[in-house]
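Trainee: Questions regarding the structure given below will be posed in turn.
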Amino acid sequence: MDALENIILRNSPRKLTLPMPSEDQMKLVYKAALRAPDHAWLRPSRFIQVTGDGITKLSDIFVNFAKEKLKEEDEQKLEKYKNAPFRAPMIIILVSHIQDHPKVPEIEQVMSTAAAAQNILLALKAINFAGMWRTGAFSLNNDITKYLGLDEDHRVLGYLYVGTPDGPDKKIPELDLDDFITKWE
């Protein structure tokens with residue numbers, strides 16, 4: 001697939017199913033991820049690949065976190081959190097390992113991991129798979145890291161749900177570029 005067409009046509013599918021990428025395919029995806037901009041070559045991006053029984057483990061983490069940290073008692077919400085990881089055959093937890101550096105603030109390291117996530121989504125599309133990026137209550141906070149067994153210097157940016165798209169593609173809206181671009185000439 002043409003690189004620009006891949007970028008322009010990428011979107012998040014409504015539903016993901018098996019098959020999921022093979023280990024060899026995922027090695028290529030992660031190589032693409034690690035080509036994201038990275039000031040001072042700090043390599044902040046980390047990925048936790050969750051499949052099989054790991055999905056159940058992540059489900060349990062979501063429920064425990066919701067009960068303990070969010071003080072959630074509503075059984076319907078807890079059931080929703082429990083079922084969330086089962087929406088795809090693979091989940092990649094996006095983690096940024098934050099390092100003290102005199103020229104590279106935390107936000108730059110987080111943005112590097114965000115760019116790595118976009119590279120993952122584009123690489124998946126290029127090999128006929130797809131992903132959707134989820135955030136919500138289980139990301140972008142310092143408490144979830146402990147539940148995932150990570151040190152305090154890690155930030156969870158979200159979860160990429162990965163698999164084969166099932167169903168028609170979402171319609172991509174036409175955008176008026178002039179609404180987004182200012183030109184200084």
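The values are calculated or read from the model by the stated rules, or taken from the named source; none is laboratory data. As the structure is a computational prediction, the values presented were derived from the model and not from experiment. Heads up, the Cβs are rebuilt from the backbone with ideal geometry, glycines too, and the neighbour counts pull from every protein chain shown.
Trainee: Where residues in the range 8-29 are farther than 19 Å from Gly158 by Cα and at pLDDT below 95, which of them is surrounded by the fewest Cβ atoms within 10 Å (Cβ to Cβ)?
Mentor: Result: Ile8.
Trainee: Inspect the range 96-110 for any residue being hydrophobic (A, V, I, L, M, F, W, C) and within 9 Å of the chain's Cα centre (by Cα) and give the result as yes or no.
Mentor: If we filter the range 96-110 for residues that are hydrophobic (A, V, I, L, M, F, W, C), which is where we start, we get 98, 104, 107, 110.
Among the residues that remain, those that are also within 9 Å of the chain's Cα centre (by Cα) are: none.
No, because not a single residue in the range 96-110 is hydrophobic (A, V, I, L, M, F, W, C) and within 9 Å of the chain's Cα centre (by Cα).
Trainee: Quick one: how many residues across the range 41-63 are among the aromatic types (Phe, Trp, Tyr), crowded, with 18+ Cβ neighbours inside 10 Å and more than 20 Å from Lys15 (Cβ to Cβ)?
Mentor: Initial filter on the range 41-63 (among the aromatic types (Phe, Trp, Tyr)): 41, 47, 62.
This time we only want the ones that are crowded, with 18+ Cβ neighbours inside 10 Å, so: 47, 62.
Going one step further and asking which of them are more than 20 Å from Lys15 (Cβ to Cβ), we end up with 47.
Qualifying residue count for the region: 1.
Trainee: Which of (1) over 18 Å from Thr17 (Cα atoms); (2) in a helix (DSSP H, G or I) is the odd one out, the single condition Leu121 does not satisfy?
Mentor: It fails just one condition, (1).
Trainee: Okay, next question. Would you please name the residue that is farthest from Ile91 (Cα to Cα), looking only at residues in the range 32-52 that are touching a residue at least 40 places away in the same chain (Cβ under 8 Å) and assigned to a helix (DSSP H, G or I)?
Mentor: This residue is Ala40.
Trainee: Another question, then. Which of the residues that make up the range 1-28 are touching a strand residue (DSSP E or B) at 6+ places or on another chain (Cβ under 9 Å) and either among the aliphatic types (A, V, I, L, M) or assigned to a loop (DSSP other than H, G, I, E, B) (or both)?
Mentor: Filtering the range 1-28 down to residues touching a strand residue (DSSP E or B) at 6+ places or on another chain (Cβ under 9 Å) leaves 10-21, 26.
The answer is Arg10, Asn11, Ser12, Pro13, Arg14, Lys15, Leu16, Leu18, Pro19, Met20, Pro21, Met26.
Trainee: Continuing with this model, one more query. If only one of Ala32, Ala3, Ala66 is hydrophobic (A, V, I, L, M, F, W, C), within 26 Å of Lys125 (Cα to Cα) and surrounded by 13 or more Cβ atoms within 10 Å (Cβ to Cβ), which one is it? Show your work before the answer.
Mentor: On the way: Ala3 fails: surrounded by 13 or more Cβ atoms within 10 Å (Cβ to Cβ); Ala66 fails: within 26 Å of Lys125 (Cα to Cα).
Within the list Ala32, Ala3, Ala66, the selection yields Ala32.
Trainee: What are the residues in the range 78-118 that are charged (D, E, K, R), assigned to a helix (DSSP H, G or I) and either farther than 19 Å from Thr164 by Cα or in contact with a His (Cβ under 6 Å, 6 or more places away or on another chain) (or both), if any? Can you show your working first?
Mentor: Filtering the range 78-118 down to residues charged (D, E, K, R) leaves 79-80, 82, 87, 100, 103, 106, 108.
Remaining after also requiring assigned to a helix (DSSP H, G or I): 79-80, 82, 87, 106, 108.
Scanning the range 78-118 gives Glu79, Lys80, Lys82, Glu106, Glu108.
Trainee: Yes or no: Leu140 under 24 Å from Gly54 (Cα atoms), crowded, with 18+ Cβ neighbours inside 10 Å and in contact with a strand residue (DSSP E or B) (Cβ under 9 Å, 6 or more places away or on another chain)?
Mentor: Working: under 24 Å from Gly54 (Cα atoms): yes; crowded, with 18+ Cβ neighbours inside 10 Å: no; in contact with a strand residue (DSSP E or B) (Cβ under 9 Å, 6 or more places away or on another chain): yes.
Considered against the rule, which asks whether it is under 24 Å from Gly54 (Cα atoms), crowded, with 18+ Cβ neighbours inside 10 Å and in contact with a strand residue (DSSP E or B) (Cβ under 9 Å, 6 or more places away or on another chain), Leu140 comes out as no.
Trainee: When both residues are 6+ apart or on different chains and their Cβ atoms are under 9 Å apart, which pairs have a first residue that lies in the range 145-160 and is in contact (Cβ under 8 Å) with a residue 24 or more places away in the chain and over 21 Å from Ala117 (Cα atoms), and a second that is among the acidic types (Asp, Glu) and surrounded by fewer than 16 Cβ atoms within 10 Å (Cβ to Cβ)?
Mentor: Tyr147/Glu68
Trainee: Another question, if that's okay. Within the range 142-181, track down each residue that is out of contact with any helix residue (DSSP H, G or I) (no Cβ under 8 Å at 6 or more places or on another chain), of a type in the set (A, V, I, L, M, F, W, C) and assigned to a loop (DSSP other than H, G, I, E, B).
Mentor: Correct list: Leu150, Leu175, Phe180, Ile181.
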